[in-house]
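Worksheet: the structure to be examined is printed underneath.
Quick note: the coordinates plus some simple rules give every number you see, no bench work behind them. Treat the numbers as computed from the prediction; the structure is a model and nothing was measured.
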Amino acid sequence: MNLVVDSGNTRIKVGVFINSDLIRQVSFTKLTDLKDFIKSTKADHILVSTVNHDPIEILSWSSCSGKKISLTTSIALPIKVDYQTPETLGVDRLAAVCGALALFPDNNCLIIDAGTCINYELLDAQNVYQGGAISPGISMRFEAMNKFTARLPLVQAIERIDLIGKSTESCLQSGVMNGVLEEVDGFIRQYRALYPSLTVIMCGGDYTFFENRLKHPIFVAPELVLIGLNRILCYHAEL
């Protein structure tokens with residue numbers, strides 16, 4: 001049994017796997033709750049990916065006798081990385097790409113992680129990570145217009161979006177929501193021109209907004225990062 005931990009800026013997500021099957025998923029906001037869960041869970045191997053906590057401390061809570069892995073950009077991966085500055089890569093980006101490898105091996109994959117930022121990642125059919133793009137996420141766009149102007153209010157995303165706004169609030173909502181849809185569709189179109197046989201996979205907290213609105217077909221995998229972490233852990237368990 002494998003235990004993987006994805007500790008982000010706001011939430012800590014944990015996945016329990018038997019081989020490639022995700023059998024349990026939990027999330028925490030407090031590190032003490034994570035500690036209690038790890039101590040009470042018997043696992044053969046554990047991998048920790050974190051941006052804000054000490055991975056060595058988290059690994060020390062596990063009594064597993066197998067592999068104890070802290071995900072960094074320097075460890076061995078089941079993919080090749082063709083990136084000019086690999087040391088600057090976010091480990092969440094690598095995990096999402098490895099998740100695509102687990103779900104669609106030997107495919108050209110465009111991974112779109114719609115969270116705080118929108119990350120676009122390309123994994124080619126030779127299992128080489130080619131890079132991608134990063135743009136502001138939905139909430140960040142609203143916050144930026146409020147922060148960097150004197151009079152524009154901070155508004156929230158809505159489900160029903162009119163193209164033509166009839167108030168300042170609805171104009172902001174139209175600009176952000178319709179704009180981000182056109183952006184994502186545009187990226188998919190351009191990547192598909194380069195790779196006609198392209199599988200598009202979406203994850204991240206805002207995936208529900210996109211899944212039924214995009215012009216292009218996508219495969220939604222909300223737990224793609226956890227799946228990728230497990231794929232990396234399985235790779236190391238076999239070494």
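What number does segment 7-138 give for Rg over Rh if you use C-alpha atoms and the Kirkwood radius? Don't jump to the answer; show the numbers that get you there.
Details: Rg = 15.5 Å, Rh = 16.0 Å.
Taking Rg over the Kirkwood Rh, I get 0.97.
Starting from the Cα coordinates of the chain, work out the convex hull volume and express it per residue in Å³. Working shown, then result.
Details: hull volume 33.0 nm³, N = 239.
About 138 Å³ per residue, rounded to a whole number.
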Query raised in the report: What residues have an amide H closer than 5 Å to that of Val81, excluding those fewer than 5 places away on the same chain, when H is modeled at 1.01 Å from N in the peptide plane?
Result: Tyr129
Report summary line: Taking alpha-carbon centroids only, segment 204-222 lies from segment 106-165 a number of Å equal to 12 Å
Query - Cα pair distances of segment 63-129 binned at 10 Å [whole percent] - result: 19, 50, 26, 6
Query raised in the report: Given Cα pairs under 8 Å that are at least 6 residues apart, what percent is the relative contact order of segment 123-200?
Result: 19 percent
Query raised in the report: Which angle between 0 and 90 degrees, to the nearest 10, do you get for helix 91-103 versus the longest principal axis of the chain when only C-alpha atoms count?
Result: 80 degrees
Report task. Could you give me the radius of gyration and the Dmax of segment 95-231, taking only the C-alpha atoms into account and expressing both in angstrom? Result -> 16.1, 50
Report summary line: Measuring from the longest principal axis of the C-alpha atoms of the chain, the long axis of helix 168-194 (C-alpha) lies at a number of degrees, nearest 10, equal to 60 degrees
Query raised in the report: Residue by residue, what Karplus-based ³J(HN,Hα) values in Hz, rounded to whole numbers, does segment 149-159 have, using 6.51, -1.76 and 1.60 with θ = phi - 60° and x for Gly and Pro?
Result: 10, 7, 10, 6, x, 8, 10, 10, 5, 10, 6
Query raised in the report: Where the centre of each part is set by its Cα atoms, how far does segment 177-191 sit from segment 68-104, in angstrom?
Result: 25 Å
Requested in this report: Hey, can you grab everything whose amide H is under 5 Å from the amide H of Val200? Only 5+ residues off in sequence or another chain; H modelled, so Pro and N-termini drop out.
Outcome: Leu110, Phe219
Report summary line: What the Cα atoms of segment 1-70 span along the principal axes, largest first and in whole Å, is 28, 21, 19
Query raised in the report: Could you give the angle, 0 to 90 degrees to the nearest 10, between helix 31-40's Cα long axis and the longest principal axis of the Cα atoms of the chain?
Result: 40 degrees
Query - Qualifying lysines (Cα of each under 25 Å from Cα of Lys68; at least 8 residues distant if same chain) - result: Lys13, Lys30, Lys35, Lys39, Lys42, Lys80
